[in-house]
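Colleague: Below is the structure I would like to discuss, written out as structure tokens.
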Amino acid sequence: MALKRMDNIGIVVDDLDAVIAFFAELGMELEGRTVVEGQWAASLVGLDDQRVDVAMMRTPDGHGRVELAKYHLPEAVAGVPDAPPNTLGIRRIMFAVDDIDDTIARLRGHDAELLGEVVRYEDVYRLCYIRGPEGIVIALAEELG
């Protein structure tokens, strides 16, 4: 049996509305919100019990999704929101954008900041890393030419 696709990437957040607004500003669409709770859900993730607000964000092409989860029960465990890009684990999600400068300017309105600089990779891409709300790191790629 072959892998069919990647459905989504999950991010646990504290301020669900702020993170939804950040990804919406990036250009993702809110696909839906729901509450996930009950023994079936807790058993799935290996917890004794759970109550989670979940929002699904979708890329404009409909193929990529980010699942945002706000845990109420049990409370979320604090991570390291300012972890550098070389920290073990999932560090960033990369998005292709039409205009990297415009995207950065819009995301700054959501307390996003560049981790380094916008750089040019040969004559192929302009690239950058941005830290958004709750320490979420995204990378942006603008194709050149």
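Colleague: Go through region 1-54 and give me each residue that's hydroxyl-bearing (S, T, Y) and out of contact with any strand residue (DSSP E or B) (no Cβ under 7 Å at 6 or more places or on another chain).
Modeller: The answer is S43, and nothing else.
Colleague: Scan region 92-115 and report the pairs whose first residue is hydroxyl-bearing (S, T, Y) and whose second residue is at pLDDT 95 or above, with Cβ atoms within less than 6 Å and a gap of 6+ or a chain change.
Modeller: T103/V97; T103/L140
Colleague: Name the residue, out of T87, T59, that is hydroxyl-bearing (S, T, Y) and more than 15 Å from the chain's Cα centre (by Cα).
Modeller: Working: T59 fails: more than 15 Å from the chain's Cα centre (by Cα).
Sole residue among the options that is hydroxyl-bearing (S, T, Y) and more than 15 Å from the chain's Cα centre (by Cα): T87.
Colleague: Would you please list the contacts, defined by Cβ atoms under 7 Å and residues six or more apart or on different chains, that run from a residue in region 28-44 that is within 18 Å of G64 (Cβ to Cβ) and open to solvent by 30 Å² or more (accessible area, probe 1.4 Å) to a residue that is assigned to a helix (DSSP H, G or I) and of a type outside the set (S, T, Y)?
Modeller: As it stands, the answer is L30/I20; L30/A24, since those pairs meet every condition given.
Colleague: A follow-up question, please. Taking only pairs six or more apart or across chains, which ones have beta-carbon atoms under 8 Å, a first residue in region 64-89 that is farther than 13 Å from Q50 by Cα and of a type in the set (K, R), and a second residue that is outside any loop (DSSP other than H, G, I, E, B) and at pLDDT 85 or above?
Modeller: R65/I9; R65/E31; R65/M56; R65/M57; R65/R58
Colleague: Could you tell me whether region 2-23 includes any residue that is exposed (fewer than 14 other Cβ atoms within 10 Å of the Cβ) and touching a Pro at 6+ places or on another chain (Cβ under 9 Å)?
Modeller: Checked region 2-23: at least one residue is exposed (fewer than 14 other Cβ atoms within 10 Å of the Cβ) and touching a Pro at 6+ places or on another chain (Cβ under 9 Å).
Colleague: Mind listing whichever residues of region 7-27 are in contact (Cβ under 8 Å) with a residue 24 or more places away in the chain and either farther than 29 Å from R106 by Cβ or of a type in the set (D, E) (or both)?
Modeller: Narrowing region 7-27 to residues in contact (Cβ under 8 Å) with a residue 24 or more places away in the chain: 7-16, 18-27.
Result: D7, D14, D15, E25.
Colleague: Another question, if that's okay. Which residues, counting only those in region 60-106, are of a type in the set (D, E) and within 30 Å of K4 (Cβ to Cβ)? Even if it seems obvious, please write down each step before you answer.
Modeller: Start the filter on region 60-106 by keeping residues that are of a type in the set (D, E), which leaves 61, 67, 75, 82, 98-99, 101-102.
The answer is D61, E67, D98.
The values are calculated or read from the model by the stated rules, or taken from the named source; none is laboratory data. What you see is a predicted model, and the numbers here were worked out from it, not measured in a lab. Counting neighbours? That spans all protein chains shown, and the Cβs are built from the backbone with ideal geometry, glycine included. Note: areas computed on protein heavy atoms with side chains; ligands, DNA, RNA excluded. Shrake-Rupley method; radii C 1.70, N 1.55, O 1.52, S 1.80 Å.
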